[in-house]
Amino acid sequence: MSDWLPGTKNAHGVYRPHEEIELHSKGGARRAAIDLVETPEGWRSYRGFSFFTGNWWGSTGPITDACQPHPTRDDAIREQVARFHSDFEKLTDPSMQREAREIIAWAESLIPDQMDLFEAAV
């Protein structure tokens, strides 16, 4: 059993996430993820993705102090959704563009709808 607890850093300065939100393929492979950790400075996050078409491009990374802290979990998720958009904006392969749209739709579904927030307050 590891003593590396969520919210703590290992010897290399990498935080163990409190939460790992994942999108899986039909076969169960991890297609995309947003990892979140709450630190004293705020919520930090990082995203990862893998394409299963085209050139099979993917990217991921650890959460470290270099990741921008945000006051809320939702703000940290919004940052990663924006980064998905910028990561994918220059894709030219149609099959990868389709996958990118699916990943972005999933990621955007994680952001609360502002109208729902206003309705809940009433």
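Nothing in this text is a laboratory measurement; each read-out follows from the coordinates by a stated rule. Computed from a predicted model, the values in this text were never measured in an experiment. Neighbour counts run over all protein chains shown; Cβ positions are idealised from the backbone, glycine included.
Quick notes
- Cα shape, the chain, gyration tensor, a/c 1.5 rule: oblate
- Using C-alpha pairs under 8 Å with a sequence gap of at least 6, the mean separation divided by the residue count of the chain gives a relative contact order of 18 percent.
- Potential extension, residue 26-residue 10 segment - 0.36 nm per residue separation minus Cα distance: 2.5 nm
- Positive end of the dipole of segment 19-110 (Cβ unit charges, origin at the Cα centre): among 71, 97, 32, the Cα lying farthest that way belongs to 97.
- About the Cα centre, charge dipole magnitude for the chain (Lys/Arg +1, Asp/Glu -1 at Cβ), debye: 460
- Using a simple spin-label model with pseudo-atoms 7 Å out from Cα toward Cβ, residue 73 and residue 109 lie 1.8 nm apart.
- Once the C-beta distance of residue 97 and residue 65 is scaled by a Förster radius of 25 Å, the resulting FRET efficiency is 0.15 to the nearest 0.05.
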